[in-house]
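Reviewing the structure listed below.
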């Protein structure tokens, strides 16, 4: 079986590469660029200017996540700055400099490279230059009182000399967890049901934690090089990982552990081969039937999850750092019929299944 997806409209060329991409449940596309900007787009009018263009982060944006309702987005830049944005209003409401403040009382600093926001906005997590990850609750009372800014005039918080950071709802007391694996966190993703948190490392591990207990419940070691990207299936039962070893690995987190250490899931269910270079992004379709991937080989691939096989390959113009499916909604295309990609070509481009109207 093969599928045909046709290239549709694209955004105007941006000043720099796009390293992060997310299509929200409110049918908006958010791009995070190497120029430190978050841009919010209307996919129906993608070729025009963005709805909002936020000067959100001081350096290149290395990760981007959103809440389930599409209202909030969390972005991380290479200097460790984490930003909470109100997507609906196109505003920045909180910033934290993770490289300049401790995680919590009695803790140390943990500079962030990647972060993730809980789908129900209950907490957020981050990791980076360490084997540790950190989790902080999101203070709802503080969130309700926060005054949005455009990203250029945040209040001073006292996090350091010359700081102009408003910590707000994401700046409370947190806790760090030592995974004991790897020396650098590459990607971090909450499961759609909010019960699990997955971390990938530069040494090839994928680690799964129980969000409530904050205990490690599984460690996968199927890759032998850096795992740059992970994605959960919509039902939170499958976990996909893409690596510098050119492989995509599928793990079933429901599988019982043979180690006797209370872990869930031991080893890979399947490995999917086809990329000729680093796998930079994987993303599961809303119905769970397809997996999309983009790589440093400029290839955009679609995989049939049930058959464990590649069913579509398109060669892009440059490295593909962002891939995001359009969420299912009553007023949009059916699940798995439209997705967006972005990367070093400095534009967001839509692809639509042939025959879709």
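A few notes on this one:
- FRET efficiency for the pair residue 252 and residue 175, taken as 1/(1 + (r/R0)^6) with r the Cβ-Cβ distance and R0 = 30 Å, rounds to 0.55.
- Computed over the chain, the per-residue total of -39500 (n - 2.57) for DSSP H runs of n ≥ 4 gives a 222 nm mean residue ellipticity of -500 deg cm²/dmol, rounded to 500.
- Residue 55 versus residue 99: modelled label distance in nm, points set 7 Å from Cα along the beta carbon direction: 2.0 nm
Since every read-out is calculated from the coordinates, none of them should be taken as a lab result. In this text the structure is predicted, and so the values were computed from the model without any measurement. All Cβ positions, even for glycine, are placed from backbone atoms using ideal geometry, and neighbour counts span all protein chains on display.
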